[in-house]
Amino acid sequence: MKNEEASHKTISALLAIARKHFTEYGFFDVSLEKIAEEGNVTRGAIYHHFKNKQGLFTAVLECVQKEISLLIENEAMKSDDPWEQLILGCVGFVKGANAKENKRILLIDAPAALGWSTWRRADRKNSMNVLLEHIKTLNARGYLYNDVDVALMTCSISGALNELALNLSRNQTIDCDTKFLTIITRLVDGFKAP
C-alpha cells in the first residue's frame, strides 16, 4: 500500500509540475529533464509513469478536460431551469477552455501535439459527454423539437463552442459574459420547441 501511495503522490506532483510547464512554455518547448528536476525524480520515473512526453501531456490534458467538465456542471447548476442550465454550461465551457491554465494546453497544443482524432476523443469523453447527457434529458422532458437528433445537436453545439473558444483565445477583447451568453442563447434556442 505504501508503494501505491508513493506512486500516486509522485504522479500527482509530476502532473502539477508538467501542467505548469505546458501552460508556460507549450508542448514543443517543454523539457522532461526540467520537469524531472523540479519533481525531484529521474527522467526514467517520468517514462515509467507516462511512457513519454506525449503520454505526460495526454494525462495533463485529461486533468484539464475533467476540470472543465466540473466547471460546466457547476455553472449549469446556477439555475434550476434545465434550458438555462444548457446555456450556462455552454458559457462555462468557453470560459473554462480559455482560463489561463487551460487555454494553451486544450486549444492550441493538444490538437497539434496529439493529433486531431486523439484531441476529439478526449473532448467526446469529457465536455461533449456532459453536453450529450444534458441534451438527452432535455429531449426526454419535451424541450426539443420532435425531429431533433440529440447526437447531431450535441455535435453542432460542441463544434460551435470549440470555435467560439478558439475565437476568444485569439480575441481577448470579447466580453465573454454578455456577447457569448447572447450568441449561445440564440444558437441553442433554434433547437427549442415552442
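Looking only at the stretch 125-136, which residues are closer than 22 Å to N102 by Cα and surrounded by fewer than 16 Cβ atoms within 10 Å (Cβ to Cβ)?
Those that are closer than 22 Å to N102 by Cα and surrounded by fewer than 16 Cβ atoms within 10 Å (Cβ to Cβ): K125, N129.
In the stretch 1-40, what count of residues is obtained for those that are open to solvent by 40 Å² or more (accessible area, probe 1.4 Å) and outside any helix (DSSP H, G or I)?
Residues flagged as open to solvent by 40 Å² or more (accessible area, probe 1.4 Å) and outside any helix (DSSP H, G or I) within the stretch 1-40 amount to 2.
Each row is one residue, and each column tells you yes or no for (1) in contact with a strand residue (DSSP E or B) (Cβ under 9 Å, 6 or more places away or on another chain); (2) modelled with pLDDT of 95 or more; (3) aliphatic (A, V, I, L, M).
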residue: K20; (1), (2), (3): no, yes, no
residue: Y25; (1), (2), (3): no, yes, no
residue: F28; (1), (2), (3): no, yes, no
residue: K34; (1), (2), (3): no, yes, no
residue: E38; (1), (2), (3): no, yes, no
residue: G55; (1), (2), (3): no, yes, no
residue: L70; (1), (2), (3): no, no, yes
residue: E75; (1), (2), (3): no, no, no
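Those residues that are among the basic types (K, R) and under 17 Å from A18 (Cβ atoms), I need them from the stretch 91-109; list them, please.
Listed by number, the residues that qualify are K100, K103, R104.
Name the residue, out of I87, I72, I17, that is over 22 Å from L166 (Cα atoms) and either touching a Ser or Thr at 6+ places or on another chain (Cβ under 6 Å) or not polar (S, T, N, Q) (or both).
I17
Give me a count of the residues in the stretch 130-161 that are in contact with a strand residue (DSSP E or B) (Cβ under 7 Å, 6 or more places away or on another chain) and within 22 Å of K66 (Cα to Cα).
Selection size over the stretch 130-161: 0.
Under 7 Å between Cβ atoms, at least 6 apart or on separate chains: pull out the pairs that start in the stretch 22-41 with a residue that is touching a residue at least 40 places away in the same chain (Cβ under 8 Å) and end on any residue that is surrounded by fewer than 17 Cβ atoms within 10 Å (Cβ to Cβ) and in a helix (DSSP H, G or I).
Short answer, once both residue conditions are applied: T23/E101.
Each row is one residue, and each column tells you yes or no for (1) open to solvent by less than 30 Å² (accessible area, probe 1.4 Å); (2) out of contact with any His (no Cβ under 7 Å at 6 or more places or on another chain); (3) polar (S, T, N, Q).
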{"site": "K103", "(1), (2), (3)": "no, yes, no"}
{"site": "L138", "(1), (2), (3)": "yes, yes, no"}
{"site": "M153", "(1), (2), (3)": "yes, yes, no"}
{"site": "S158", "(1), (2), (3)": "yes, yes, yes"}
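Anything in the stretch 66-101 that is open to solvent by less than 60 Å² (accessible area, probe 1.4 Å) and acidic (D, E)? List them, or say none.
Correct list: E75, D81.
Does L168 satisfy being out of contact with any His (no Cβ under 9 Å at 6 or more places or on another chain) and at pLDDT below 95?
yes
When the residues of the stretch 140-151 are filtered to those that are within 14 Å of G190 (Cα to Cα) and not charged (D, E, K, R), which remaining residue is least open to solvent (accessible area, probe 1.4 Å)?
L144
The values are calculated or read from the model by the stated rules, or taken from the named source; none is laboratory data. Keep in mind the model is a prediction, meaning the values are calculated, not measured. Positions of Cβ are generated from backbone atoms using ideal geometry, with glycine treated the same way; all protein chains shown enter the neighbour counts. Note: areas computed on protein heavy atoms with side chains; ligands, DNA, RNA excluded. Shrake-Rupley method; radii C 1.70, N 1.55, O 1.52, S 1.80 Å.
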